[in-house]
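Here is the structure we will look at.
The values are calculated or read from the model by the stated rules, or taken from the named source; none is laboratory data. In this text, all values refer to a predicted model and were calculated from it rather than measured experimentally. Using ideal geometry, Cβ is built from the backbone for each residue, glycine included, and neighbour counts are taken over all protein chains shown. The accessibility values were calculated without ligands, DNA or RNA, using every heavy atom of the protein model including side chains. Shrake-Rupley method; radii C 1.70, N 1.55, O 1.52, S 1.80 Å.
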Amino acid sequence: MATLADGGVAWLIAAVVLALAELAVPGVYLIFIAAAAALTGLGALLLPDLGVAGQLAAFVGWSLATVLIGRRWYRDFPVASADPLLNDRVARLIGEVVT
């Protein structure tokens, strides 16, 4: 049975905390880092002899992979918006008359 001292359980707890932070502050893409932490935690549970350096290396690798997959996903499938120029102040002024 896993205890709190195990690295895998700590990574899984970190994944849950990051996922909850993504729910609290949407739009910061923490979900991909949470997925990387979860994958690292599963790897640490499956390979109990994996040291801290190996876990950190796995986390960095999974983080890069999930962020790149997420960037590609959002590029290929953009989120539709009722006001696509909401955060682009310059683009909102095109065609407007200003004094």
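Rolling a 1.4 Å probe over the heavy atoms of the protein chains gives the chain an accessible area of 77 Å² per residue. Extension gain, D49 to V90, is 9.3 nm, computed as 0.36 nm per intervening residue step minus the present C-alpha separation. Which log10 I(q)/I(0) values does the stretch 1-96 give at q = 0.17 Å⁻¹ under the Debye formula, counting every alpha carbon as one identical point scatterer? Those come out to -0.79, one per q. Model label sites at A65 and L23, defined 7 Å from Cα along the beta-carbon direction, differ in position by 2.6 nm. Approximating the spin labels as points 7 Å out from Cα along Cα→Cβ, the D83-to-V97 distance works out to 2.3 nm.
Gain on full extension, evaluated as 0.36 nm per residue between L42 and V16 minus their Cα-Cα distance, stands at 8.1 nm. The modelled label-to-label distance between L56 and D6, using points 7 Å beyond Cα along the C-beta direction, is 2.3 nm.
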